[in-house]
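Presented below is the structure to which this report refers.
The values are calculated or read from the model by the stated rules, or taken from the named source; none is laboratory data. The shown structure was predicted, so the numbers you read here are calculated from the model rather than taken from an experiment. Every residue, glycine as well, gets a Cβ built from its backbone with ideal geometry; the counts of neighbours run over all protein chains shown.
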Amino acid sequence: MTSRERVWKVVHGEQPDRVPIDLGGSRVTGISVFSYHALCRHAGLDVGPPKINDVFQMLAEVEEPFRRRFHIDVAPVPQYRPVFGLRNDEWKPWRMWDGTQVQVPVEFDPVPDEGGDLLLRNPQNPDGPFVARMPQDGFYFDEIGHTGMSADLNLPDADEFARSLRPIADEELEFAAQQSRELYETTDYALLGEFWAGGLSVPLSFGDQMVALATELDWCAEVLHAQAENAIESARLYHEAVGERCVAWLISGHDYGTQRGELFSPELFAELFAPNFKRINDWVHEHTTTATFYHSCGSNRALLPIFIEMGCDIFNPVQVTAANMDAKELAAEFGERLVFWGGGIDTQSTLPLGTPDEVAAQAAERCKVFGSSGGFVFNPIHNVQAKTPPENLAAMLDAVHEHGAYPLTP
């Protein structure tokens with residue numbers, strides 16, 4: 001069975017030969033370039049300096065020798081400008097602070113400040129403010145100005161906001177068409193399209209979002225409706241570009257949970273967000289054979305019935321370390337109605353801090369818990385972080401391949 005057939009069966013409610021594996025198939029199922037480089041060396045893989053295809057999270061572009069060695073089944077259809085306006089079609093060498101040689105987007109041009117931090121501007125606005133900062137000897141670029149709270153809530157006019165929205169750009173569509181065609185015709189991987197235009201959020205800093213969701217419901221409803229309209233048009237254009245080559249599209253990468261509970265009430269999510277997401281999902285299901293993929297970190301237990309009602313097919317990252325997210329309970333309650341794409345290993349504890357034997361045991365156990373209850377694609381809980389021991393990563397992936405064959409006994 002090919003990788004594409006294996007993932008297709010899982011997504012469409014059929015049993016494959018083994019649990020499919022994803023690592024590096026998207027920007028929410030990826031691996032830090034620091035850990036990827038270490039794992040490649042540990043496995044003796046003949047690869048060059050890795051490409052960083054997401055400088056925000058410093059994620060590696062997974063290469064063919066890595067996919068073959070670790071039986072990876074998923075490949076991404078990448079975005080042209082995924083973060084900070086940097087295009088991902090040309091590369092240049094760069095040396096990270098720990099000496100690791102990598103390749104970065106050709107427009108990547110960080111500016112050091114007096115303290116040794118690195119600052120980035122959007123190359124499409126070269127005279128504008130800095131948009132991201134990496135602390136000295138850091139592992140990520142943090143967005144600047146997106147977490148605070150204003151003294152006065154200054155809301156943009158909803159009608160003007162709607163008129164400012166644009167569907168997915170031609171350069172993105174051309175890149176997606178070319179990348180998806182090449183991957184589909186030259187490999188047998190299941191392709192995951194990074195269709196990000198449909199992610200719904202209140203267009204304010206995080207603090208101001210929370211205030212607006214509590215005090216400005218009518219305004220929030222208007223801007224979310226406008227985003228959904230724009231997303232549906234983007235979906236139409238994206239489908240023209242990639243056709244039926246993707247097994248799923250990543251519709252939303254926004255988080256609606258925290259470690260201890262939902263970010264806001266399930267009732268508010270059902271009132272404001274779910275109807276707009278449902279309109280997007282309905283369009284995808286009516287016009288394509290593609291599954292809808294949703295990412296939401298944290299505790300989402302109370303939201304999962306709403307995700308199902310609004311037409312979500314695939315849920316990620318399945319953060320079973322969060323409150324009310326017990327793996328066995330999730331599998332029993334939702335396993336026949338959702339594909340769980342994630343939840344394979346605890347990236348906060350077991351994977352970085354356990355022994356290889358403990359890692360292998362948990363990975364094998366999660367295959368049985370999720371795989372025997374319904375659709376399951378093995379992926380760690382969100383992206384693999386920097387400084388994760390390479391021997392643990394190898395033990396995880398090898399255990400899934402060894403113990404993930406069907407039939408699986410709970």
Residues of region 102-115 classified as more than 26 Å from the chain's Cα centre (by Cα), assigned to a loop (DSSP other than H, G, I, E, B) and under 23 Å from ALA386 (Cα atoms), total: 1
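A quick yes/no check of all residues on (1) among the basic types (Lys, Arg); (2) within 15 Å of PHE175 (Cβ to Cβ):
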residue	(1), (2)
ALA60	no, no
ILE72	no, no
ARG81	yes, yes
LEU86	no, yes
ASP89	no, yes
Of all residues in region 178-201 being in a loop (DSSP other than H, G, I, E, B) and aliphatic (A, V, I, L, M), the one that is farthest from TRP8 (Cα to Cα): LEU200
Residue under evaluation LYS368, criteria (1) farther than 18 Å from SER32 by Cβ; (2) in contact with a His (Cβ under 9 Å, 6 or more places away or on another chain); (3) buried (at least 20 other Cβ atoms within 10 Å of the Cβ), criterion not met: (3)
Qualifying positions in region 260-290 - out of contact with any Asp or Glu (no Cβ under 7 Å at 6 or more places or on another chain), farther than 13 Å from GLY311 by Cα and polar (S, T, N, Q): SER265
Members of region 347-382 found to be of a type in the set (Gly, Ala, Ser), within 22 Å of the chain's Cα centre (by Cα) and within 13 Å of LEU393 (Cβ to Cβ), listed by number: ALA363
Sole residue being farther than 30 Å from ASP117 by Cα, in contact (Cβ under 8 Å) with a residue 12 or more places away in the chain, outside any loop (DSSP other than H, G, I, E, B) and not basic (Lys, Arg), chosen from GLU222, GLU160: GLU222
Yes/no for PHE175 being among the aromatic types (Phe, Trp, Tyr), surrounded by fewer than 18 Cβ atoms within 10 Å (Cβ to Cβ) and assigned to a helix (DSSP H, G or I): no
Scope region 202-219; condition surrounded by 18 or more Cβ atoms within 10 Å (Cβ to Cβ), of a type in the set (D, E, K, R) and assigned to a helix (DSSP H, G or I); matching residues: ASP208
Single residue of VAL211, VAL223 found to be modelled with pLDDT under 95 and over 23 Å from SER3 (Cβ atoms): VAL211
Test: residue in region 357-366 that is in contact with a Pro (Cβ under 9 Å, 6 or more places away or on another chain), within 22 Å of HIS403 (Cβ to Cβ), at pLDDT 95 or above and basic (Lys, Arg): no
Candidate set from region 384-410 (those that are of a type outside the set (Val, Ile, Thr), within 21 Å of the chain's Cα centre (by Cα) and crowded, with 24+ Cβ neighbours inside 10 Å); member that is nearest to ILE31 (Cα to Cα): LEU393
Helices (runs of 4 or more DSSP H) lying entirely in region 1-101 (those with 2 or more residues that are modelled with pLDDT of 95 or more and under 18 Å from the mean Cα position of the chain (by Cα)): 3-11, 33-42
Output for region 41-70, where each listed residue is in contact (Cβ under 8 Å) with a residue 60 or more places away in the chain, buried (at least 16 other Cβ atoms within 10 Å of the Cβ) and either touching a helix residue (DSSP H, G or I) at 6+ places or on another chain (Cβ under 8 Å) or among the aliphatic types (A, V, I, L, M) (or both): ALA43, VAL55, MET58, LEU59, PHE70
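Do we find that LEU118 is at negative phi and either more than 24 Å from the chain's Cα centre (by Cα) or surrounded by 17 or more Cβ atoms within 10 Å (Cβ to Cβ) (or both) in this structure?
yes
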Lone unmet requirement of (1) outside any loop (DSSP other than H, G, I, E, B); (2) surrounded by fewer than 19 Cβ atoms within 10 Å (Cβ to Cβ); (3) out of contact with any strand residue (DSSP E or B) (no Cβ under 8 Å at 6 or more places or on another chain) for ARG133: (3)
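Kindly indicate the residue of region 238-258 that is small (Gly, Ala, Ser), part of a strand (DSSP E or B) and in contact with a Phe, Trp or Tyr (Cβ under 9 Å, 6 or more places away or on another chain) and also nearest to PHE307 (Cα to Cα) among those meeting that condition.
Among residues in region 238-258 that are small (Gly, Ala, Ser), part of a strand (DSSP E or B) and in contact with a Phe, Trp or Tyr (Cβ under 9 Å, 6 or more places away or on another chain), the one nearest to PHE307 (Cα to Cα) is SER252.
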